[in-house]
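**Student:** Below are the structure tokens for one structure; questions will follow.
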Amino acid sequence: MFAIPATHARTITLSTGEWPPYFDSSLDNHGLLAQIITEAYDNVGISVDYSFLPWSRALAMAHHGTYDGSAAWSCTAARSENFHFSQPILPLYYVFFVRKDSQFDWRQIDDLKGLTIGLTQDYAYGDQLTSAVDRGLVNTDMTASDESNFRKLQAGRIDLFPMDPLTGLQMIDRLFSGAEARQLTYHPRPIHQASYHLIFSRQQDNGGELAQQFNRGLEALRSSGRFAEILDSQLGDSQRWHALDPLLTIKPPRGRCRINDARTVGFHSKSSR
């Protein structure tokens, strides 16, 4: 069904940012999601070059066509006006990182009343948190980087910081000493659930075509079993524990993202726990 070309017909450029273990400029494969994207495009004869930038710049430069696309983003109404979206690659979710001594717990959004939440510029945090901000239920502290938010959290300058748990834990280990890192944890209840996509500017004539080519390559990756192999090789048992339950999957809204053939996809492969 899918032809695997022997040579690459072209090379495309994707802007991205540091988001370990999904995107990591220090690794030869550039991280879990980067490897999936690279191998999916390889299936259709396209090679990929990645440029690591601050996330806001990665998004803006992809929008203006400086790069062929950007990896990887969730769907929002604003982004759907400017970008074509690929099929969902992996689910994503955000939880609240907190200081352990805060004894923080929450079950409904009103439980956050009066708290100060750190946010990172140009991130999409979902309808629940957006509504809480719009209603004045919570206070916000916007900054340009996740690292700054984690430093504010560790210093007690903010109460909560929403972040992907795998990425957050790796950032904490990199930013702080052992004693400082142990002061931080996260609450397991998700505040936002979505999925990772490649995006391609609508200002470029071939944006939709690049999305469709990736979709074909991704389907081939899944059908061959290689997608499952990548997950199993990249995520150890300690990391899987912090990832989504295999039954919790995300299906993006087709109308908003204009994905005509989107599928629900789980985080874990069949051979996972």
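**Student:** Tell me whether segment 118-126 contains one or more residues that are surrounded by 17 or more Cβ atoms within 10 Å (Cβ to Cβ) and of a type in the set (S, T, N, Q).
**Tutor:** Within segment 118-126 (the criterion being surrounded by 17 or more Cβ atoms within 10 Å (Cβ to Cβ) and of a type in the set (S, T, N, Q)), the answer is yes, since at least one residue qualifies.
**Student:** Something else now. Looking at SER47, is it among the polar types (S, T, N, Q), open to solvent by 20 Å² or more (accessible area, probe 1.4 Å) and in a loop (DSSP other than H, G, I, E, B)?
**Tutor:** So SER47 does not fit the description; no.
**Student:** Let me ask you something else. Evaluate segment 68-78: report whether one residue or more is assigned to a strand (DSSP E or B), of a type outside the set (Val, Ile, Thr), out of contact with any Gly (no Cβ under 9 Å at 6 or more places or on another chain) and under 27 Å from ARG157 (Cβ atoms).
**Tutor:** no
**Student:** Does segment 155-181 hold any residues that are over 21 Å from PRO21 (Cβ atoms) and open to solvent by 30 Å² or more (accessible area, probe 1.4 Å), and which are they?
**Tutor:** Matches in segment 155-181: ALA155, GLY156, ARG157, ASP159, SER177, ALA179, GLU180.
**Student:** Consider segment 127-154. How many of its residues are in a helix (DSSP H, G or I) and either crowded, with 17+ Cβ neighbours inside 10 Å or under 21 Å from the mean Cα position of the chain (by Cα) (or both)?
**Tutor:** 14
**Student:** Identify the single condition in (1) buried (at least 20 other Cβ atoms within 10 Å of the Cβ); (2) touching a residue at least 60 places away in the same chain (Cβ under 8 Å); (3) closer than 25 Å to LEU235 by Cα; (4) under 19 Å from the mean Cα position of the chain (by Cα) that VAL98 does not satisfy, given that it satisfies every other one.
**Tutor:** Among (1) buried (at least 20 other Cβ atoms within 10 Å of the Cβ); (2) touching a residue at least 60 places away in the same chain (Cβ under 8 Å); (3) closer than 25 Å to LEU235 by Cα; (4) under 19 Å from the mean Cα position of the chain (by Cα), the lone unmet condition for VAL98 is (4).
**Student:** Another question about this same structure. Could you check how many residues of segment 26-44 are in a helix (DSSP H, G or I) and either among the acidic types (Asp, Glu) or open to solvent by less than 40 Å² (accessible area, probe 1.4 Å) (or both)? Steps first, please.
**Tutor:** Of all residues in segment 26-44, those in a helix (DSSP H, G or I) come to 32-42.
With either among the acidic types (Asp, Glu) or open to solvent by less than 40 Å² (accessible area, probe 1.4 Å) (or both) added as a condition, the list becomes 32-37, 39-42.
Qualifying residue count for the region: 10.
**Student:** From LEU119, LEU115, which residue is under 16 Å from the mean Cα position of the chain (by Cα) and at pLDDT 95 or above? Give the steps one after another, and end with the answer.
**Tutor:** Details: LEU115 fails: under 16 Å from the mean Cα position of the chain (by Cα).
After applying the criteria, what remains is LEU119.
**Student:** Considering segment 193-227 alone, what residues qualify as being at pLDDT below 90, open to solvent by 30 Å² or more (accessible area, probe 1.4 Å) and within 20 Å of the chain's Cα centre (by Cα)?
**Tutor:** Across segment 193-227, the qualifying residue is only GLN193.
**Student:** List, please: which pairs have Cβ atoms under 7 Å, are six or more places apart or on different chains, and start with a residue in segment 213-231 that is assigned to a helix (DSSP H, G or I) and end with one that is aromatic (Phe, Trp, Tyr) and modelled with pLDDT of 95 or more?
**Tutor:** PHE214/TYR41; GLY217/TYR41
The values are calculated or read from the model by the stated rules, or taken from the named source; none is laboratory data. In this text the structure is predicted, and so the values were computed from the model without any measurement. Note: ideal-geometry Cβ built from the backbone for every residue, glycine included; neighbour counts use all protein chains shown. Just so you know, the surface numbers come from the protein's heavy atoms only, side chains and all, with ligands and any DNA or RNA stripped out. Shrake-Rupley method; radii C 1.70, N 1.55, O 1.52, S 1.80 Å.
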